[in-house]
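Undergrad: This is the structure I want to talk about, given as structure tokens.
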Amino acid sequence: MKRSTSRILTTHAGSLIRPESVALFDRARQQGPVDEKAYDEALQLAVNDVVRKQAETGIDVVDDGEFSKSSWGTYINSRVTGFQHDPERDMAINYTGQDSERFAEYFDAETGGQARRRWRGADVCVEPIVYVDNHSIHRDIANLSAAAAWNRVEDAFLPVVAPASAAFNGVNDYYETEEEYVYALADALRNEYVAISESGLVLQVDDAVLANAYDDLMAKSPDTYRKWAELRIEALNHALRGIPEDRIRYHLCYGSWHAPHVSDAPLEDIVDLILRVNAGAYSVEAANVRHEHEWRVWENVKLPDGKILIPGVVTHHTISVEHPRLVADRIIRYANIVGRENVIAGTDCGFQQGARIERVHPQIMWAKLAALVEGARIASKELWP
């Protein structure tokens, strides 16, 4: 993947707000089957348009906006066999942590208590997990590759989910051990990892649940969380085997929902897990009020030689558009610690998590990405005087 050799490059976490041409199919799909040929045609046009907009805004490393995914994580459930949904079954992990109990009055007022019950409704694994939908991943690859070529974009990435975050509402009733279950997910996901790598696109692996499970599992014991996480990092590396590290980005975040987030995992507690992933670049939240201070972690933890850090320097957590000077200051802070050539400026997380969840208005999203680009320009001028 490209590096910041003469200026700070820009990218983002992946999910962008869908246009109405795609959203109408997402809504219709909730009621029943849709015209899949018409959907694929609309998706192709939408991906080309969003790549064009990213390029015009000045984003260097673009993606397809994740327009084809029903959810950033559970989309994989429709591409594999093995799962049946049970609305009355509890999820294995309360991936939202304990914020919903700590701030029960807030959650009740904002959601009528629904957010406090998000742990219920599981996809239950009842038979072997086998990857069966080759059409979707190859369609996504073709759409992004064609759009990048048409818009003369040199570097593009395609996000897909990690084993820890795949089927994050899943429960295993089929495999005898948790290890067998996790590795079965990893083997299924490897189909997407290899396909993206062989296409020439950069592979991004999204892994919010590795951090989100922290609060729930740490309440049991630190050892419970570490064992849970280490198994899933090992399974991810198993799925990535043979793929060049310099073609892999690993994105870890803390969930995009607008909430207090006091239960977020401290970066210093999980940074060793992040760096165990066999990837060439690591994308982390660094712009929101719960994590901006964590630049200090990199003063004590050395970024391995040859690796790239993609700190979020604008965030989806607020509708206020970051001032470019602030963005530049954040970039320069990281460049001074890990080296300017080892930094690509990014966003904390995606702007739309799933087909119907927009974190900001589209106009604000594009203004934030423009501020990201302008901040990188200011930082580059100061870092390469």
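All of the numbers you see were taken from the coordinates with simple rules; none came from a lab. Worth saying up front: this structure is predicted, and the values here are computed from it rather than measured. Cβ coordinates were reconstructed from backbone atoms using ideal geometry, including for glycine residues, and neighbour counts include every protein chain displayed.
Undergrad: List, in the order given, every pair from Lys307/Lys368; Lys53/Lys302; Lys53/Lys381 whose Cα-Cα distance in the structure shown is over 30 Å. Present the calculation step by step, with values, prior to reporting the outcome.
TA: Numbers: Lys307/Lys368 26 Å; Lys53/Lys302 36 Å; Lys53/Lys381 24 Å.
From Lys307/Lys368; Lys53/Lys302; Lys53/Lys381, over 30 Å: Lys53/Lys302.
Undergrad: In cubic angstrom, how much convex hull volume per residue do the alpha carbon atoms of region 208-279 span? Please report the intermediate quantities before stating the final value.
TA: Numbers: hull volume 6.2 nm³, N = 72.
Per-residue hull volume (Cα only) is 86 Å³.
Undergrad: Also: So how far, in whole Å, is the C-alpha centre of region 284-356 from the one of region 363-385?
TA: Cα centroid of region 284-356 versus Cα centroid of region 363-385: 12 Å apart.
Undergrad: Have a look at the DSSP beta bridges in the chain and tell me what percent are antiparallel, nearest 5.
TA: On the way: 7 of 34 bridges.
Within the chain, antiparallel bridges account for around 20 percent of the total.
Undergrad: Kirkwood Rh and Cα-based Rg: tell me the resulting Rg over Rh for region 51-205, rounded to two decimals. It would help to have the intermediate numbers written out before the result.
TA: Working: Rg = 18.3 Å, Rh = 17.4 Å.
Taking Rg over the Kirkwood Rh, I get 1.05.
Undergrad: Looking at region 83-200 only, what percent of DSSP beta bridges run antiparallel? Nearest 5 please.
TA: 60 percent
Undergrad: How do the peptides 38-45, 234-241, 304-311 rank, highest first, by the average count of neighbouring beta carbon atoms within 10 Å per residue? Please report the intermediate quantities before stating the final value.
TA: Values: 38-45: 16.0, 234-241: 19.1, 304-311: 17.6.
Top of the packing list down: 234-241, 304-311, 38-45.
Undergrad: Principal axis lengths of region 139-194 from Cα atoms, whole Å, largest first?
TA: On the principal axes, region 139-194 reaches 49, 20, 17 Å in Cα extent.
Undergrad: Hey, another quick one. Could you state, as a whole-number percent, how many of the C-alpha pairs of region 249-303 are farther apart than 20 Å?
TA: Numbers: 316 of 1485 pairs.
Here the long-distance tail beyond 20 Å is 21 percent of all Cα pairs in region 249-303.
Undergrad: Once the Cα atoms of region 312-360 are picked out, what are the Rg and Dmax in Å?
TA: Looking at region 312-360, its Cα Rg and Dmax stand at 12.9, 39 Å.
Undergrad: Using packing as a proxy for protection, rank 53-59, 211-217, 171-177, 92-98 so that the peptide with the highest average count of other Cβ atoms within 10 Å comes first. Present the calculation step by step, with values, prior to reporting the outcome.
TA: Details: 53-59: 17.9, 211-217: 23.3, 171-177: 14.9, 92-98: 20.4.
Highest mean packing first, the order is 211-217, 92-98, 53-59, 171-177.
Undergrad: Next question, about the same structure. For region 1-92, what is the convex hull (Cα atoms) projected area averaged across all directions, in square nanometres?
TA: That works out to 8.9 nm².
Undergrad: Based on alpha-carbon positions alone, could you give the equivalent ellipsoid semi-axes of region 238-280 from the gyration tensor, as √(5λ), descending, whole Å?
TA: On the way: eigenvalues 139, 30, 11 Å².
Gyration-tensor ellipsoid for region 238-280: 26, 12, 7 Å.
Undergrad: Continuing with the same structure: So what is the calculated 222 nm ellipticity per residue for the chain, using -39500 (n - 2.57) for each DSSP H run with n of 4 or more, over all residues, to the nearest 500 deg cm²/dmol? Mind showing how you got there, number by number?
TA: Working: 12 runs with 164 residues, N = 385.
The helix contribution divided over the chain gives -13500 deg cm²/dmol.
Undergrad: Turning to a different aspect of this structure: Stokes-Einstein at 20 °C, 1.002 mPa s, Kirkwood radius from Cα pairs: D for region 171-219 in µm² s⁻¹? Intermediate values should be presented prior to the final figure.
TA: Numbers: Rh = 13.1 Å.
Value of D from the Cα-based Kirkwood radius: 164 µm²/s.
Undergrad: Using +1 on the beta carbon of Lys and Arg, -1 on that of Asp and Glu, and nothing else charged, what's the dipole of the chain about the Cα centre, debye to 20? Show your work: numbers first, answer last.
TA: Details: 41 positive and 59 negative charges, 230 e Å.
The calculation lands at about 1100 debye.
Undergrad: Run a plain Debye calculation on region 335-385 (Cα atoms as equal point scatterers, no solvent) and give log10 I(q)/I(0) at q = 0.27 Å⁻¹, rounded to two decimals, same order as the q list.
TA: So the normalised log intensities work out to -1.04.
Undergrad: With bins 10 Å wide starting at 0, give me the P(r) of region 118-235 over every alpha carbon pair, in whole percents.
TA: Final binned percentages: 12, 37, 31, 15, 5, 0.
Undergrad: While we're on this one: How many times 2.2 N^0.38 Å is the alpha carbon radius of gyration of region 24-66?
TA: Details: Rg = 13.0 Å, N = 43, 2.2 N^0.38 = 9.2 Å.
Normalised by 2.2 N^0.38 Å, the Cα Rg of region 24-66 equals 1.42.
Undergrad: I'd like to know how the chain sits against the 2.2 N^0.38 Å rule of thumb: what's its Cα Rg over that expected value? Could you put the intermediate results ahead of the total?
TA: Working: Rg = 19.7 Å, N = 385, 2.2 N^0.38 = 21.1 Å.
Expressed relative to 2.2 N^0.38 Å, the Cα Rg reads 0.93.
Undergrad: Another question, then. Using packing as a proxy for protection, rank 201-209, 343-351, 288-296 so that the peptide with the highest average count of other Cβ atoms within 10 Å comes first.
TA: Details: 201-209: 25.2, 343-351: 27.9, 288-296: 15.9.
Sorting 201-209, 343-351, 288-296 by mean packing, highest first, produces 343-351, 201-209, 288-296.
Undergrad: Also, I was wondering about something else. Determine Rg/Rh for region 221-262; Rg is computed over alpha-carbon atoms and Rh is the Kirkwood hydrodynamic estimate from the same atoms.
TA: Values: Rg = 14.2 Å, Rh = 13.0 Å.
Rounded to two decimals, Rg over Rh is 1.10.
Undergrad: Starting from the exponent 0.38 and prefactor 2.2 Å, build the expected Rg for region 254-385 from its residue count and divide its actual Cα Rg by it.
TA: Numbers: Rg = 14.6 Å, N = 132, 2.2 N^0.38 = 14.1 Å.
Normalised Cα radius of gyration, region 254-385: 1.04.
Undergrad: Another one. Taking the Cα atoms of region 181-322, report the difference between the largest and smallest coordinate on each principal axis, in whole Å and largest first.
TA: 39, 37, 30
Undergrad: Just how many % of Cα pairs in region 183-244 lie over 17 Å apart, if you round to the nearest whole percent?
TA: Working: 882 of 1891 pairs.
Pairs farther apart than 17 Å: 47 percent.
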